[in-house]
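J.: Got a structure for you, written out below as C-alpha cells; questions coming shortly.
The values are calculated or read from the model by the stated rules, or taken from the named source; none is laboratory data. Everything numeric in this text was worked out from a predicted model, so none of it was measured. Every residue, glycine among them, receives a Cβ derived from its backbone with ideal geometry; neighbour counts consider all protein chains shown. When the accessible area is computed, the model is the full protein with side chains, heavy atoms only, and any ligands, DNA or RNA have been set aside. Shrake-Rupley method; radii C 1.70, N 1.55, O 1.52, S 1.80 Å.
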Amino acid sequence: KNQVEQSPQSLIILEGKNCTLQCNYTVSPFSNLRWYKQDTGRGPVSLTIMTFSENTKSNGRYTATLDADTKQSSLHITASQLSDSASYICVVSGDGYSTLTFGKGTMLLVSP
Amino acid sequence: GAGVSQSPSNKVTEKGKDVELRCDPISGHTALYWYRQRLGQGLEFLIYFQGNSAPDKSGLPSDRFSAERTGESVSTLTIQRTQQEDSAVYLCASSSQPTLAGERNEQFFGPGTRLTVL
C-alpha cells in the first residue's frame with residue numbers, strides 16, 4: 001500500500017531558527033515528490049517538486065532534499081519567520097492520479 | 001480569475017441531506033481535481049477532469065458522490081444522503097495541463113469548502 005509518513009507531527013520553533021521536516025514514503029513506482037505549504041483555512045501551495053534524479057531543490061529559504069534509494073525527503077527551513085507557521089505536506093506521485101499520496105503534514109508554529 | 005475559488009466556504013447540513021459544492025478553476029485551466037481532507041488526515045484524491053470528461057473517478061468513496069464539469073470551467077461535487085463521515089474540507093485544484101504523475105505541471109488549490117454533517 002502506498003504510504004507517506006511525515007515527522008514530526010508538530011513543531012514549535014523560535015523566530016529566526018532553522019528546522020528540518022521529514023518525509024518517508026513507500027509509493028512505488030515513484031515519479032515525483034512535492035512539498036506544499038498550507039496556511040490555516042487556505043489551500044496548499046506548492047514549494048518544490050523533485051523527480052527521481054534530483055537530490056536538492058531550493059525555493060528561497062526552503063530547501064528540499066530527496067534520497068530515492070532510501071525513499072526519504074526532507075524540507076529545511078532557514079531563518080524562520082512568523083509567516084512560516086503553517087502545515088507542510090509531502091506528496092508523492094506514482095504512475096497515475098489515483099496514486100497521488102499525501103502525507104498528513106507537519107504543523108509548524110514559529111514563535112516570536 | 002486570479003485563483004481557484006470555491007463556494008460555499010462553509011456548509012453545515014443534516015445527515016441524509018444532499019449538498020452541492022462548487023469550484024471555479026483558474027481561467028484557461030483544462031484540468032480540474034477534487035480532494036477531500038478529513039481532520040488530522042492527508043488529502044485524498046477524489047476525481048480528475050480533463051475538459052468536461054472525467055478520466056479518473058477512482059477516488060470517489062461511494063455512489064453517493066458524483067461530480068460534473070460544464071463548459072470546461074465550473075465543476076460541482078454532489079454528495080447525496082450525506083453521512084457524518086462525509087464531514088471534511090473538500091478542496092478543488094486546477095492546472096493548465098493534465099498533471100500526469102511524471103510531469104511537473106503545478107496544481108493550484110482553492111481555499112476549500114468545510115462540510116459539517118450533523
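J.: Could you tell me how many of the residues in region B:62-118 are open to solvent by 60 Å² or more (accessible area, probe 1.4 Å), farther than 21 Å from residue A:89 by Cα and modelled with pLDDT of 90 or more?
T.: 7
J.: Something else about it: Filter region B:3-45 down to residues that are in contact with a Leu (Cβ under 9 Å, 6 or more places away or on another chain), within 19 Å of residue A:92 (Cα to Cα) and more than 10 Å from every other protein chain (Cβ to nearest Cβ), then give me how many there are.
T.: Number satisfying all stated conditions: 2.
J.: Of all residues in region B:28-48, how many are over 10 Å from the mean Cα position of the chain (by Cα) and buried (at least 17 other Cβ atoms within 10 Å of the Cβ)?
T.: Within region B:28-48, residues that are over 10 Å from the mean Cα position of the chain (by Cα) and buried (at least 17 other Cβ atoms within 10 Å of the Cβ) number 6.
J.: Let me ask something else about it. Filter region B:49-88 down to the residues that are more than 11 Å from the chain's Cα centre (by Cα) and hydroxyl-bearing (Ser, Thr, Tyr) and list them by number.
T.: B:53, B:58, B:62, B:70, B:73, B:82, B:87
J.: Determine, yes or no, whether residue B:10 is open to solvent by 20 Å² or more (accessible area, probe 1.4 Å), among the polar types (S, T, N, Q) and modelled with pLDDT of 95 or more.
T.: yes
J.: Turning to a different aspect of this structure: How about region A:67-89: which of its residues are touching a Ser or Thr at 6+ places or on another chain (Cβ under 6 Å) and within 14 Å of chain B (Cβ to nearest Cβ)?
T.: A:88
J.: Checking residue A:104 against (1) within 11 Å of chain B (Cβ to nearest Cβ); (2) part of a loop (DSSP other than H, G, I, E, B); (3) more than 21 Å from residue A:9 (Cα to Cα): exactly one of these is not met. Which one?
T.: (3)
J.: Tally time: how many residues in region A:35-53 are more than 28 Å from residue B:8 (Cβ to Cβ), within 11 Å of chain B (Cβ to nearest Cβ) and not in a strand (DSSP E or B)?
T.: Number of matching residues: 1.
J.: Which is closer than 27 Å to residue B:46 by Cβ, more than 10 Å from chain B (Cβ to nearest Cβ) and open to solvent by 10 Å² or more (accessible area, probe 1.4 Å), of A:28, A:58?
T.: A:28
J.: Does region A:31-54 hold any residues that are surrounded by fewer than 20 Cβ atoms within 10 Å (Cβ to Cβ), under 19 Å from residue A:94 (Cα atoms) and of a type in the set (Lys, Arg), and which are they?
T.: Listed by number, the list is empty, since nothing qualifies.
J.: Oh, and also: Hey, among the residues in region A:61-86 that are surrounded by 20 or more Cβ atoms within 10 Å (Cβ to Cβ) and under 10 Å from the mean Cα position of the chain (by Cα), which one's farthest from residue B:41 (Cα to Cα)?
T.: Only one residue fits best here, namely A:64.
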